[in-house]
Amino acid sequence: MKFIDLLSEEYTTLMSPFLDRLDEKSCSELEQKCEKYRKLNEKASQFARQNYFIFDFFEIRELSQESYSKEQMQALKKYLEYQRQIDDYEHMEFYKTGFADCITLLSMIGIL
């Protein structure tokens with residue numbers, strides 16, 4: 001029997017929908033149980049609405065101007081900091097999910 005490594009590059013497109021569902025599940029659980037994560041998401045969304053050009057950057061729209069002011073770049077920096085903090089929470093949730101799955105599998109095969 002041949003071992004198939006589903007995480008190798010060869011199977012990326014096969015694993016992508018599964019990983020998307022895992023991401024979505026983890027993030028929705030995080031939103032339900034972590035107030036700070038929810039508030040960070042709300043702050044980032046509100047901040048991006050107040051600074052419309054931020055959506056232009058990330059939604060791949062036609063940029064409304066060729067150059068941006070120092071204040072706009074500072075606003076973009078602040079938005080990216082919010083997103084970095086949000087990503088930190090999401091990464092931690094993924095690690096916890098992986099750790100829990102590992103413990104479950106080890107228990108199922110009788111190692112724990």
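The values are calculated or read from the model by the stated rules, or taken from the named source; none is laboratory data. From a predicted model like this one, the values you see are computed outputs, not experimental measurements. Note that each Cβ is placed from the backbone with ideal geometry, even for glycine, and that neighbours are counted across all protein chains shown.
Which of the residues belonging to the range 1-33 are more than 15 Å from the chain's Cα centre (by Cα) and surrounded by 13 or more Cβ atoms within 10 Å (Cβ to Cβ)?
The answer is M15, and nothing else.
Looking at this structure, is L76 modelled with pLDDT of 75 or more, part of a helix (DSSP H, G or I) and either touching a Leu at 6+ places or on another chain (Cβ under 8 Å) or surrounded by 14 or more Cβ atoms within 10 Å (Cβ to Cβ) (or both)? Step through it out loud before you land on a result.
Values: modelled with pLDDT of 75 or more: yes; part of a helix (DSSP H, G or I): yes; either touching a Leu at 6+ places or on another chain (Cβ under 8 Å) or surrounded by 14 or more Cβ atoms within 10 Å (Cβ to Cβ) (or both): yes.
Here the answer is yes, as L76 does meet what is asked.
Can you tell me which of (1) without any contact (Cβ under 8 Å) to a residue 12 or more places away in the chain; (2) assigned to a helix (DSSP H, G or I) is the one I111 doesn't meet?
(2)
Within the group E71, E66, E81, E59, which residue is within 17 Å of the chain's Cα centre (by Cα) and exposed (fewer than 10 other Cβ atoms within 10 Å of the Cβ)?
After ruling out the rest, the residue left standing is E59.
Would you pick out the residues in the range 1-42 that are over 19 Å from F99 (Cβ atoms), basic (K, R) and modelled with pLDDT of 85 or more?
K36, R38, K39, listed by residue number.
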